[in-house]
Amino acid sequence: MTTISIIVAMSKNRTIGVNNTLPWHIPADLQRFKQLTMGQHIIMGRKTDYSIGKPLPGRTSVVVSRDRALRLAGCTVVHSLPLAIAACARDLQTFVIGGADIYAQTLDLAETLYVTEIQKDVIGDAAFPEIDTSAWQEVSREIHYQEMPEALEYHFVTYRRK
């Protein structure tokens, strides 16, 4: 049985995307994403798959879509979240990587949240659901700053279900 982990980068006001893209560029966040998810199954919605543009090397991509005709080279396409989780059952840990609807469906199933908290409000059209702090315990926080390609403060935070 796999455990579900969510990995997400979000602004202070919980924005995760705008026009199906990330509204920031944080190279260290992309490196952390790769390090954590390498060799694992990753579950995502169709729009997230389209925004990435290709299957990510070294991971098994499971895409959830209601479109029964959808075929994506290099990805496993399923038509519900329970089917996605079943497709990952042999992994010890499965990562949910977005988007907003998939996050909302999996937040109550997850054991761990890997969050990059961007320390500013960002206007966007996709948001992460509210995290119920009574259900989660922060177990680590790393504070980072970058100057390029844009000046940002961001925190790598790990939460575990209480």
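Bear in mind these aren't lab numbers, they're just calculated from the coordinates by the rules spelled out. Quick caveat: nothing in here was measured; it's all calculated off a predicted structure. Counting neighbours? That spans all protein chains shown, and the Cβs are built from the backbone with ideal geometry, glycine included.
Numerical summary
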quantity	calculated
Length-normalised contact order of the chain in % [C-alpha pairs under 8 Å, at least 6 apart]	33 percent
Lys12-Arg90 FRET efficiency (beta carbon distance; Förster radius 30 Å; 0.05 resolution)	0.20
Theoretical gain in end-to-end length, Ser51 to Gln119 [0.36 nm per residue, Cα-Cα removed]	22.1 nm
Candidate lysines - alpha carbon under 27 Å from Lys12, same-chain residues fewer than 8 apart omitted	Lys34, Lys47, Lys120, Lys162
Region 3-161 - charge dipole about Cα centre, Lys and Arg +1 at Cβ, Asp and Glu -1, debye rounded to 20	640 debye
Long-range Cα-Cα pairs in region 1-64 (distance over 17 Å), rounded percent	46 percent
Computed [θ] at 222 nm, helices only, for the chain once each DSSP H run of length n ≥ 4 contributes -39500 (n - 2.57)	-5500 deg cm²/dmol
Stretchable slack from Glu150 to Asp101, in nm (0.36 nm times residue separation minus alpha-carbon distance)	14.8 nm
Efficiency of FRET from Cβ geometry, Glu142 and Leu83, R₀ 30 Å, rounded to 0.05	0.30
Segment Glu111-Lys34, length gained on full extension (0.36 nm per residue, minus Cα span)	25.8 nm
Whole-Å distance, taken between Cα centres, linking region 17-42 and region 124-162	13 Å
Per-pair calculated FRET efficiency, R0 = 30 Å: His25 and Ala73 via Cβ, rounded to 0.05	0.65
Ratio of the Cα radius of gyration of region 3-161 to 2.2 N^0.38 Å, where N counts its residues	1.00
Top of Pro23, Pro129, Pro57 by mean-square fluctuation, Gaussian network on the chain, Cα under 10 Å	Pro57
